[in-house]
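Data block below; observations after.
The values are calculated or read from the model by the stated rules, or taken from the named source; none is laboratory data. What you see is a predicted model, and the numbers here were worked out from it, not measured in a lab. Backbone-built Cβ (ideal geometry, glycine too); neighbour counts: all protein chains shown.
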Amino acid sequence: MKSGFVAITGRPNAGKSTLMNKIIGEKVAIVSNKPQTTRTKIMGVRTTKDSQIVFIDTPGIHRPHNKLGEKMEKYIYTATQDVDVLLYVVDCNLHENEYEKEQKALAGLKKAEIPVVLVVNKVDSIEKVKVLPVIERLSSLYDFAGIVPLSARMGDNVDALISEIENYLEEGPQFFPGDLITDQPERQIVAEYIREKALRLLNKEIPHGIAVEIEKMHKKENGVHEILAVIYCERQSHKSIIIGKKGEKLKDIGSRARVDIERFLGEKVYLELWVKVKEDWRNKEAFMNTIGFE
């Protein structure tokens, strides 16, 4: 058996989490069109009879603007240490001015002594003849060990990426049980499902300022999971937007999240959501540690 660790990195909104979910075959990382949706390292495990590959999804590479951003930057750094392969994911729909941003992001990988594979994602969204020029431009920015164009959303060419990764892995042990797909505790996954729905339903200026904490998660005798979750925001004005007129927005977030949670737990769920204001929480170290940003 071949085995090893693979870090997934790249700039925000490149499709890193979508790629990992497609590889693992389960939704272990939340997805939205908002930048910095992923805030921590998320592990996903793909086990077959021939290999076990442990993937580590990371936040998008960006310049931190607060203590939360600094923590996210640290997650990126630690995730890319002691891995066997690094995937650098790029959205193929690059504007001319974005190549410089990619170059700056890649500059941090110059000292990497491991294979870096370029994953050119979202090729289903542009004409095929336009993909090659993008690959050529990116190839001039870094000496990649391999290049794989694919569509994570559609699953096109993902098998080719797995084969490319396995080329760099050596024979090794199975690090985790074959049925394990992530190291995230249930509470964390449930909180992320709720945050994902909030990200998708809220206005652009609000999502970065929200966090979700599970205050109570209890399975009752009738088999129903009773979950109480708090959505934290940074301003009183944001609280009313999250709740919405007559509570409709919060109800919508809850009903959509409950569908994912019930699928994940395989049982009925009673979900109650509250919204609380915690001003400037992204700069409060102690608070961030209590809600999971260790």
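Ile194 passes all but one of (1) over 24 Å from Arg235 (Cα atoms); (2) of a type outside the set (Gly, Ala, Ser); (3) in contact with a strand residue (DSSP E or B) (Cβ under 7 Å, 6 or more places away or on another chain); which number fails?
(1)
Scan segment 161-196 residue by residue and report those that are under 27 Å from Ile261 (Cα atoms) and of a type in the set (Ser, Thr, Tyr).
Those that are under 27 Å from Ile261 (Cα atoms) and of a type in the set (Ser, Thr, Tyr): Thr182, Tyr193.
Would you mind stating whether Asn203 is assigned to a loop (DSSP other than H, G, I, E, B), more than 17 Å from the chain's Cα centre (by Cα), closer than 30 Å to Val123 by Cα and not aliphatic (A, V, I, L, M)?
On the way: assigned to a loop (DSSP other than H, G, I, E, B): yes; more than 17 Å from the chain's Cα centre (by Cα): yes; closer than 30 Å to Val123 by Cα: yes; not aliphatic (A, V, I, L, M): yes.
Answer is yes for this residue.
What number of residues within segment 267-294 satisfy the criterion of being under 22 Å from Lys219 (Cβ atoms) and at pLDDT 90 or above?
Initially, segment 267-294 is screened for residues under 22 Å from Lys219 (Cβ atoms), giving 267-274, 292.
Filter again for at pLDDT 90 or above, leaving 267-274.
Matching residues across segment 267-294 total 8.
Table: residues versus (1) in contact with a Gly (Cβ under 8 Å, 6 or more places away or on another chain); (2) in the same structural domain as Val259 (by TED's automatic domain parsing).
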residue: Lys130; (1), (2): no, no
residue: Leu138; (1), (2): no, no
residue: Arg153; (1), (2): yes, no
residue: Leu180; (1), (2): no, no
residue: Glu192; (1), (2): no, yes
residue: Leu199; (1), (2): no, yes
residue: Ile206; (1), (2): no, yes
residue: Ala211; (1), (2): no, yes
residue: His218; (1), (2): no, yes
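Only one residue in Ala145, Ala191, Ala160, Ala107 is within 19 Å of Thr58 (Cβ to Cβ) and loosely packed, with under 14 Cβ neighbours inside 10 Å, so which one is that? Spell out the reasoning first.
Details: Ala145 fails: loosely packed, with under 14 Cβ neighbours inside 10 Å; Ala191 fails: loosely packed, with under 14 Cβ neighbours inside 10 Å; Ala160 fails: within 19 Å of Thr58 (Cβ to Cβ).
Answer to the check: Ala107.
Has segment 205-215 got at least one residue that is surrounded by fewer than 12 Cβ atoms within 10 Å (Cβ to Cβ), of a type outside the set (S, T, N, Q) and over 19 Å from Glu192 (Cβ atoms)?
First pass over segment 205-215, keeping only residues surrounded by fewer than 12 Cβ atoms within 10 Å (Cβ to Cβ): 205, 215.
Narrowing the set further to residues that are of a type outside the set (S, T, N, Q) leaves 205, 215.
Keeping just the survivors that are over 19 Å from Glu192 (Cβ atoms) gives 205.
Within segment 205-215, one or more residues are surrounded by fewer than 12 Cβ atoms within 10 Å (Cβ to Cβ), of a type outside the set (S, T, N, Q) and over 19 Å from Glu192 (Cβ atoms).
Report, ordered by the first and then the second residue, all pairs with beta carbons closer than 7 Å, sequence separation of six or more or different chains, a first member in segment 87-104 that is in the same structural domain as Val6 (by TED's automatic domain parsing), and a second member that is modelled with pLDDT of 95 or more and small (Gly, Ala, Ser).
Every condition considered, no pair remains.
Results for (1) in a helix (DSSP H, G or I); (2) free of Cβ contacts under 8 Å to residues at least 12 places away in the same chain, shown as yes or no for each residue.
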position: Ile241; (1), (2): yes, no
position: Gly247; (1), (2): yes, yes
position: Lys251; (1), (2): yes, yes
position: Ser255; (1), (2): yes, yes
position: Val259; (1), (2): yes, yes
position: Arg263; (1), (2): yes, yes
position: Glu267; (1), (2): no, no
position: Leu273; (1), (2): no, no
position: Met288; (1), (2): yes, no
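Restricting the search to segment 138-176, which residues are in a helix (DSSP H, G or I), without any contact (Cβ under 8 Å) to a residue 40 or more places away in the chain and either more than 12 Å from Ile23 (Cβ to Cβ) or not charged (D, E, K, R) (or both)? Outline the logic, then answer.
Quick first cut of segment 138-176, residues in a helix (DSSP H, G or I) only: 138-139, 158-166.
Now restrict to residues that are without any contact (Cβ under 8 Å) to a residue 40 or more places away in the chain: 139, 159-160, 163.
Matches in segment 138-176: Ser139, Ala160, Ser163.
In segment 222-239, how many are free of Cβ contacts under 8 Å to residues at least 40 places away in the same chain and either in contact with a helix residue (DSSP H, G or I) (Cβ under 9 Å, 6 or more places away or on another chain) or assigned to a helix (DSSP H, G or I) (or both)? Steps first, please.
First pass over segment 222-239, keeping only residues free of Cβ contacts under 8 Å to residues at least 40 places away in the same chain: 222, 237-239.
This time we only want the ones that are either in contact with a helix residue (DSSP H, G or I) (Cβ under 9 Å, 6 or more places away or on another chain) or assigned to a helix (DSSP H, G or I) (or both), so: 237-239.
Residues flagged as free of Cβ contacts under 8 Å to residues at least 40 places away in the same chain and either in contact with a helix residue (DSSP H, G or I) (Cβ under 9 Å, 6 or more places away or on another chain) or assigned to a helix (DSSP H, G or I) (or both) within segment 222-239 amount to 3.
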